[in-house]
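For reference, the structure discussed in these notes is given below.
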Amino acid sequence: MDLSLTGAIGTPEIVGFKNRFDLTVDLREFAYEEEGVRLEGFAPSFDVVNRATKALQQSPLFREVQLVDAKASLDGARVDFRLNLPFAQEQKP
């Protein structure tokens, strides 16, 4: 899937990275705001979270990709994470 931006929200940019980089990531929250996007979800390992972060860093849509939080669940079965993705330029909803 091409990661080019289509529409103001750019959903392919956010969701498409899962397929393009073969990532198993489940998103619980997708918050689109004027200054950027906030994602919260979980993955099976820290490696997958790091790969997702690096995949999103390749996008010209975002000024930077901030991994705000990543911690293993109590049973160690998954890693919960939160990413902030400030836009490179102001977006018009």
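The values are calculated or read from the model by the stated rules, or taken from the named source; none is laboratory data. Keep in mind it's a predicted model, so treat the numbers as computed, not measured. We place every Cβ from the backbone using ideal geometry, glycine too, and count neighbours over all the protein chains shown.
In segment 76-93, is there at least one residue being in contact with a helix residue (DSSP H, G or I) (Cβ under 7 Å, 6 or more places away or on another chain), of a type outside the set (Phe, Trp, Tyr), surrounded by 13 or more Cβ atoms within 10 Å (Cβ to Cβ) and not in a strand (DSSP E or B)?
no
State which residue pairs qualify: first residue touching a residue at least 60 places away in the same chain (Cβ under 8 Å) and inside segment 27-51, second residue of a type outside the set (Lys, Arg) in any location, beta carbons under 6 Å apart, and separation of 6 or more residues or different chains.
That search, which allows pairs on different chains as well, returns TYR32/ILE9.
Take the residues in segment 22-67 that are among the aromatic types (Phe, Trp, Tyr) and out of contact with any Leu (no Cβ under 7 Å at 6 or more places or on another chain); name whichever of them is farthest from ARG78 (Cα to Cα).
The selected residue is TYR32.
Scanning segment 1-33 for residues that are assigned to a loop (DSSP other than H, G, I, E, B) and closer than 22 Å to ASP69 by Cβ, which turns out modelled with the lowest pLDDT?
PHE21
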